[in-house]
Amino acid sequence: MLRISHVLSVMLALSAAVHAAPDKKTQALQLAAESERAYKDGKFEKSAELLRKAHDLYPEPILLYNLGRALEGIGDAKGAVEAYDQYLQEAKHIDDRPAIERRIATLKAQIEKADKDKADAEAKAQQDEKDRLAKEQAEQAEKDRLAKEQADKDRRAKDQADHEKLERTLAEATKEPPPEEPQPSYGPWITLGAGGAIVLGGAFFGWRANGNHNDAVDEPTQSGAADLQDSAHTDASVANVMFAVGGAVLIAGAVWEYFDWKSGSAHVQLTPTGAAVTWTWR
């Protein structure tokens with residue numbers, strides 16, 4: 001609260017100067033009175049504003065003291081120190097100067113502490129921000145490391161899979177085909193069948209030759225008997241040839257089958273000009 005002595009001093013100083021400059025002095029007196037009421041009502045900011053206006057109209061030093069108290073009320077320690085310092089410089093007679101100087105020292109200590117606390121808070125905030133950024137960078141670095149490890153792992157797995165696939169492909173390409181199963185050879189049996197057919201044909205011609213010979217014996221005419229005898233002779237010749245050829249073919253087929261079974265296989269390939277026999281040894 002404003003001290004009564006300072007308020008009265010303001011009133012007396014302003015009242016004494018009314019006749020010199022009635023307009024400004026009167027306004028300053030009215031503003032000082034309004035400031036006092038605002039201060040008592042706890043309206044420190046309004047009180048400080050009114051005191052500044054009053055001081056601008058009439059620079060009475062005591063107004064600066066009251067301004068310092070109002071500024072203290074709103075928490076403006078720096079402004080209060082400035083007002084108190086200016087008051088000590090401008091006022092000629094101050095009974096409680098030591099008390100005001102102690103008050104200024106107290107406010108300056110509070111300002112220094114507040115500044116230090118603010119600086120510490122800012123430094124802590126900066127350090128916290130650095131720590132946060134460092135943590136984020138470390139987390140990102142760890143994520144990048146894990147991602148790189150996973151990428152390397154996937155790449156190695158793909159390379160291994162490609163390598164195995166290539167090995168399988170090469171193995172398939174170089175693998176020897178399985179041996180062919182020996183196919184049954186029908187050549188010997190065909191040969192035996194052909195020989196048998198020839199022998200049967202020879203038997204037919206031999207039977208017919210025998211029949212013609214018997215008919216020639218029974219033929220009453222000489223010319224008829226001669227013709228039948230010639231036919232019998234021809235059929236007998238054909239029969240003998242077919243027996244010889246058929247027998248040779250049968251022997252060849254039998255020998256062929258024996259060697260095919262014993263040591264290999266023979267294959268008959270038909271061509272436009274004949275037949276070719278190939279032999280495969282086991």
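Readers should treat all values here as calculations from the given coordinates under stated rules, not as data from a laboratory. Note that the structure is predicted; figures quoted are calculated from it, not measured.
Tell me, in nm to one decimal, what length is gained between N240 and L166 on full extension, where the rule is 0.36 nm per residue of separation less the Cα-Cα distance? Please report the intermediate quantities before stating the final value.
Working: separation 74, 0.36 × 74 = 26.64 nm, distance 7.08 nm.
Length gained, N240 through L166: 19.6 nm.
On full extension, the segment bounded by D159 and D115 gains 9.4 nm, given 0.36 nm per residue less the C-alpha separation. Inter-part distance, the range 188-226 to the range 83-115, computed on C-alpha centroids, equals 165 Å. The phi torsions of the range 158-165, fed into the Karplus equation with coefficients 6.51, -1.76 and 1.60 and a -60° offset, translate into couplings of 5, 4, 5, 5, 5, 5, 5, 5 Hz, rounded to whole numbers, with Gly and Pro shown as x. Segment Q222..A141, full-extension length gain: 16.1 nm, with 0.36 nm per residue of separation and the alpha-carbon distance subtracted.
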